[in-house]
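Here's the structure, in structure tokens; my notes come after.
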Amino acid sequence: MALDKMEDLSLQQMVPRPEPGEVEGITLPKSVCSIWDQVWNFQARPDDLLIATYAKAGTTWTQETVDMIQQNGDVEKCRRATIGKRHPFLEWFIEDPLSTRYFGLELAEAMPSPRTLKTHLPVQLVPPSFWKQNCKVIYVARNAKDNLVSYYHFHRMNKGLPDPGTWEEFMEKFMTGKVLWGSWYDHVKGWWKAKDKHRILYLFYEDMKENPKREIQKILKFLEKDVNQEILNKILHNTSFEIMKENPMANYTRDFQTIMDHSISPFMRKGAVGDWKNHFTVAQNKKFDEDYKKKMADTSLVFRTEL
Ligand code: A3P
């Protein structure tokens, strides 16, 4: 390519889309596979709190809520750093000459206790020290259809992830589980089972949309915290979609600037339940539902796809 042409390209366009790799049959970013031994041997501390989700299930929303609780509703304290720095993304590793270096393990290790950490790992790939230390975990699940739609748009705007292909192609990949962090179906079922053995608070995105106050109260109880009504209302307000969308410390406009293009699709996209109806054709919906029934036949987990 001619040099002048190269100069025309934004940094964004020059970052190549990564190839995925695999750990124990789970598709993961190649960069994560390259440091897998370090991830697996990560040393959790007893007072670590882990926020675990399948990607696009409401991780950031939960992180902001937890931070607001931990900071007693102090908005300034919550704006001390971007969400990616406040809560290290445990397994995430990106080191590209054109992008900001991010090494979740390094951030976590350097952080004083008590730490709140984020992961998208399926339960069987969570570093064993979290279980040994009996750490608390908040897991958030979102119905498959909205989760898939959100994941598709996120792949379009995030060049740190593989190219999603067309909507139809991405839906197929999602159904076969050959997407980053593996099968949605196995992820939500695996964590659902694990909650009977470990200290896991299992939440649903749809419940959070329906009654955020009630869900915040569940988190408060789980964290053994108490706040007065005024602070509770402050948390509620500052973790609403509208406020978070405008918060540069939570909306990812200051994290991963060279790989995320919010003009393609903003990180804070719609924040709704039922947006899948604007994406699925009648035929796709039928196919998805039939396949879903089979994949979810062996669990008591029930999701709501509309409110
Ligand atoms: P959409 O793409 O459907 O809008 P994650 O943080 O796990 O990556 O999830 C991102 C999804 O959560 C996006 O969904 C985003 O808009 C939504 N989201 C983020 N903050 C939210 C909030 N305060 N209320 C509702 N949804 C929120």
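The values are calculated or read from the model by the stated rules, or taken from the named source; none is laboratory data. As the structure is a prediction and not an experimental result, all values here were calculated from the model. As a convention, Cβ positions derive from the backbone with ideal geometry for all residues, glycine included, and neighbour counts pool all protein chains shown. Ligands, DNA and RNA are stripped out before the accessible areas are found, and what is left, the full protein with its side chains, is counted by its heavy atoms. Shrake-Rupley method; radii C 1.70, N 1.55, O 1.52, S 1.80 Å.
General remarks:
- Verdict on Val227 being open to solvent by 30 Å² or more (accessible area, probe 1.4 Å), more than 17 Å from the chain's Cα centre (by Cα) and among the β-branched types (Val, Ile, Thr): no
- Residue in the stretch 235-257 that is hydrophobic (A, V, I, L, M, F, W, C), over 17 Å from the mean Cα position of the chain (by Cα) and open to solvent by 30 Å² or more (accessible area, probe 1.4 Å) present: yes
- Pick from the stretch 272-289, criterion touching a residue at least 60 places away in the same chain (Cβ under 8 Å) and assigned to a loop (DSSP other than H, G, I, E, B), ranking: nearest to the ligand (Cβ to nearest atom): Ala272
- If only residues of the stretch 258-299 that are farther than 25 Å from Arg79 by Cα and of a type in the set (Phe, Trp, Tyr) are counted, the one that is nearest to the chain's Cα centre (by Cα) is Trp276.
- Within the stretch 110-127, being surrounded by fewer than 16 Cβ atoms within 10 Å (Cβ to Cβ) and either in contact (Cβ under 8 Å) with a residue 12 or more places away in the chain or touching an Asp or Glu at 6+ places or on another chain (Cβ under 7 Å) (or both) holds for Ser113, Pro114, Gln124.
- Meeting the requirement of 1 or more residues that are over 15 Å from Asp291 (Cβ atoms) and in contact with a Gly (Cβ under 8 Å, 6 or more places away or on another chain), the helices (runs of 4 or more DSSP H) wholly within the stretch 127-193 are 144-157.
- Of all residues in the stretch 258-271, exactly one satisfies the criterion of being surrounded by fewer than 15 Cβ atoms within 10 Å (Cβ to Cβ) and more than 13 Å from the ligand (Cβ to nearest atom), namely Ser263.
- Qualifying residue in the stretch 113-124 (condition: of a type in the set (Ser, Thr, Tyr), within 17 Å of Gly58 (Cα to Cα), in a helix (DSSP H, G or I) and at pLDDT 95 or above): no
- Any hit, the stretch 239-247, residues being in contact with a Lys or Arg (Cβ under 8 Å, 6 or more places away or on another chain), modelled with pLDDT of 95 or more and β-branched (Val, Ile, Thr): no
- Of the helices (runs of 4 or more DSSP H) lying entirely inside the stretch 26-87, those containing at least 3 residues that are crowded, with 23+ Cβ neighbours inside 10 Å and out of contact with any Gly (no Cβ under 8 Å at 6 or more places or on another chain) are 59-70.
- Taken over the stretch 160-190, the criterion of being within 16 Å of the ligand (Cβ to nearest atom) and open to solvent by 30 Å² or more (accessible area, probe 1.4 Å) is satisfied by Trp167 alone.
- Number of residues in the stretch 102-153 that are small (Gly, Ala, Ser), more than 16 Å from the ligand (Cβ to nearest atom) and more than 24 Å from Trp192 (Cα to Cα) equals 3.
- Pairing each residue of the stretch 290-307 that is over 20 Å from Asn278 (Cα atoms) with any residue that is open to solvent by 40 Å² or more (accessible area, probe 1.4 Å), provided the two are 6+ apart or on different chains, yields C-beta distances under 7 Å for Thr299/Trp192; Leu301/Trp192.
- Any hit, the stretch 249-266, residues being touching a His at 6+ places or on another chain (Cβ under 6 Å) and not aromatic (Phe, Trp, Tyr): yes
- The lone criterion from (1) within 12 Å of the ligand (Cβ to nearest atom); (2) part of a loop (DSSP other than H, G, I, E, B); (3) within 21 Å of Asp163 (Cα to Cα); (4) modelled with pLDDT of 95 or more left unmet by Asp255 is number (4).
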